[in-house]
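The values are calculated or read from the model by the stated rules, or taken from the named source; none is laboratory data. Note that this is a predicted model, so its numbers are computed, not measured. Here the Cβ positions follow ideal geometry from the backbone for every residue, glycine too, while neighbour counts run over all protein chains shown. Just the protein is used for accessible areas: all its heavy atoms, side chains included, with ligands, DNA and RNA removed. Shrake-Rupley method; radii C 1.70, N 1.55, O 1.52, S 1.80 Å.
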Amino acid sequence: MAIKGLATVAMTALMATASYAEPTKIGIITTLSGGGASLGVDARDGLLLALKKGGNEEIETVVEDDQQKPDVAVQIADKMIQSDKVDILTGIIWSNLAMAVVPSATGQGKFYLSVNAAPSQLAGQGCNKDYFSVSYQNDNLHEAAGQYATDAGYAKTFILAPNYPAGKDSLSGFKRYYTGELAGEIYTQLGQTDYAAEIAQIKASGADSVFFFLPGGMGIAFMKQYAQSGAEQPLIGPAFSFDQNILQAVGDAALGVKNTANWSKDLDNEANKAFVEAYQAEYDRLPSIYAAYGYDTGNLILAALKKAPVSDADGFRAALEAAEFDSVRGKFSFGPNHHPVQDIYVREVVKEGDIYTNKIVATAMTDRDDAYAKDCKM
């Protein structure tokens with residue numbers, strides 16, 4: 001499927017007819033190259049689509065590629081803040097990059113709205129009045145997977161994830177709601193592509209199921225090798241391991257696998273229907289969950305700007321907290337630590353014509369906030 005606009009640096013003026021108080025500049029730092037590029041491309045494209053459709057002739061965007069490197073992300077953020085004079089930062093996919101950028105950005109008085117990464121450290125004691133996660137708190141979808149594994153009767157699950165903040169949050173979240181025995185627990189290398197040793201451990205462990213969090217190219221490599229190995233334990237994962245781009249690369253090996261998500265293209269609400277249609281028309285591909293988060297982030301910004309300019313920090317913050325926009329997830333609100341309160345679903349991988357995708361088969365959690373809000377003292 002075609003992917004448009006893979007420039008590593010771009011500045012886009014979004015022209016329309018809506019009237020806003022004053023110009024706003026948004027800095028989008030995201031991953032546009034390497035194994036995680038599809039995630040950043042989708043988040044960027046979803047956000048830009050929302051801004052284009054929403055209409056604000058006073059918004060400018062600056063887009064740069066963080067190359068999935070924390071030091072590069074920090075350099076870009078400093079340049080955007082000090083030279084480009086952005087008002088809002090967003091776009092980071094990976095939690096280790098978010099941990100490097102977000103505290104510095106909010107420390108310099110900038111608003112940061114996360115389209116994806118939401119590490120536990122920034123949800124609890126490290127929360128900040130100018131930091132909002134529009135996506136989730138890192139543990140959330142994994143908590144739902146733990147609940148699903150329990151409800152499905154799995155009694156001996158093997159779990160694995162990459163050794164970085166989101167991976168640690170993933171396994172913590174799964175274990176929080178899983179009541180069975182662990183057949184094994186492994187932290188893999190971030191960016192790893194050879195899983196022969198881990199798959200051998202799984203097959204020898206006596207596990208009756210496998211939960212894994214391996215986003216991007218890691219998930220593609222794992223699932224292909226898992227299928228080729230002849231392993232028979234059913235797989236469970238969060239949406240990140242079964243997103244729209246990963247599925248096309250994995251193919252039949254993913255069919256029937258259950259995964260947990262707070263968004264799906266078949267969610268039955270008008271905002272989501274309009275989003276899926278507009279995204280396909282604009283980019284000639286189905287949206288992924290990363291695109292959905294980007295789109296919601298763009299619409300949240302637009303809704304807040306209609307109430308107050310970013311220069312009115314208290315007013316703009318209050319407008320963000322109110323979250324008065326039509327989310328593609330349906331009902332949406334922020335908890336006291338600026339992380340979402342939302343429903344989380346169980347999806348199944350299916351094939352529609354020639355396209356691999358997901359459909360909702362159950363609701364795993366209703367109005368879930370997160371485990372760290374109680375520690376946030378803004």
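Please list, ordered by residue number, the strands (runs of 3 or more DSSP E) wholly in segment 133-215 having 1 or more residues that are among the charged types (D, E, K, R). Break it down into steps so the answer makes sense when it comes.
On the way: elements: 156-162, 181-188, 209-212.
Answer list for segment 133-215: 156-162, 181-188.
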> In the set Lys273, Lys203, which member is touching a helix residue (DSSP H, G or I) at 6+ places or on another chain (Cβ under 8 Å) and open to solvent by 40 Å² or more (accessible area, probe 1.4 Å)?
Replying inline: Lys203
> Do you know which residues across segment 54-79 are over 21 Å from Gly109 (Cα atoms) and modelled with pLDDT of 95 or more?
Replying inline: Asp65, Asp66, Gln67, Gln68, Lys69
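Name the single residue, out of those in segment 223-265 being hydroxyl-bearing (Ser, Thr, Tyr) and either open to solvent by 10 Å² or more (accessible area, probe 1.4 Å) or assigned to a helix (DSSP H, G or I) (or both), that is farthest from Phe174 (Cα to Cα).
First, the residues of segment 223-265 that are hydroxyl-bearing (Ser, Thr, Tyr): 226, 229, 241, 260, 264.
With the extra rule that they be either open to solvent by 10 Å² or more (accessible area, probe 1.4 Å) or assigned to a helix (DSSP H, G or I) (or both), the set shrinks to 226, 229, 241.
Working: Tyr226: 21, Ser229: 25, Ser241: 14 Å.
Checked segment 223-265; the qualifying residue farthest from Phe174 (Cα to Cα) is Ser229.
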>> Let me confirm something: among Gly126, Gly34, which residue is modelled with pLDDT under 95, more than 27 Å from Ala278 (Cβ to Cβ) and either part of a loop (DSSP other than H, G, I, E, B) or open to solvent by less than 10 Å² (accessible area, probe 1.4 Å) (or both)?
In response: Gly34
>> Going by what's in this entry, would Phe174 be described as crowded, with 24+ Cβ neighbours inside 10 Å and either aliphatic (A, V, I, L, M) or more than 17 Å from Leu235 (Cβ to Cβ) (or both)?
In response: no
> For segment 314-357, which residues satisfy the criterion of being in contact (Cβ under 8 Å) with a residue 40 or more places away in the chain, outside any strand (DSSP E or B) and loosely packed, with under 15 Cβ neighbours inside 10 Å?
Replying inline: Pro336
>> Test of understanding: among Lys307, Lys273, which residue is at negative phi, without any contact (Cβ under 8 Å) to a residue 24 or more places away in the chain and in a loop (DSSP other than H, G, I, E, B)?
In response: Lys307
> Listed residues Tyr178, Tyr148, Tyr131; which is touching a residue at least 40 places away in the same chain (Cβ under 8 Å) and under 21 Å from Lys258 (Cα atoms)?
Replying inline: Tyr148
> Which one of these does Val72 not meet: (1) assigned to a loop (DSSP other than H, G, I, E, B); (2) aliphatic (A, V, I, L, M); (3) surrounded by fewer than 24 Cβ atoms within 10 Å (Cβ to Cβ)?
Replying inline: (1)
>> Tell me whether segment 288-303 contains one or more residues that are open to solvent by 10 Å² or more (accessible area, probe 1.4 Å), assigned to a loop (DSSP other than H, G, I, E, B) and at pLDDT 95 or above.
In response: no
>> Looking at Ile88, Ile81, Ile93 in this structure, which one is closer than 22 Å to Gly35 by Cβ, buried (at least 18 other Cβ atoms within 10 Å of the Cβ), out of contact with any His (no Cβ under 7 Å at 6 or more places or on another chain) and in contact (Cβ under 8 Å) with a residue 12 or more places away in the chain?
In response: Ile93
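Applying the selection to segment 153-171, what residues are open to solvent by 50 Å² or more (accessible area, probe 1.4 Å) and closer than 20 Å to Arg347 by Cβ?
Taking segment 153-171 and keeping what is open to solvent by 50 Å² or more (accessible area, probe 1.4 Å), we get 153-156, 163, 168.
Selection gives Gly153, Tyr154.
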> Can you tell me which residue in segment 97-123 is most open to solvent (accessible area, probe 1.4 Å), limited to those that are assigned to a helix (DSSP H, G or I) and hydroxyl-bearing (Ser, Thr, Tyr)?
Replying inline: Ser104
>> Give all pairs with beta carbons closer than 9 Å in which a residue from segment 39-68 that is assigned by the TED database to the domain that holds Asp243 and open to solvent by 10 Å² or more (accessible area, probe 1.4 Å) meets a residue that is of a type outside the set (Asp, Glu) and at pLDDT below 95; count only pairs at least 6 apart in sequence or on separate chains.
In response: none
> (1) more than 30 Å from Ser327 (Cα to Cα); (2) open to solvent by 10 Å² or more (accessible area, probe 1.4 Å): which one isn't true of Thr188, the others all being true?
Replying inline: (2)
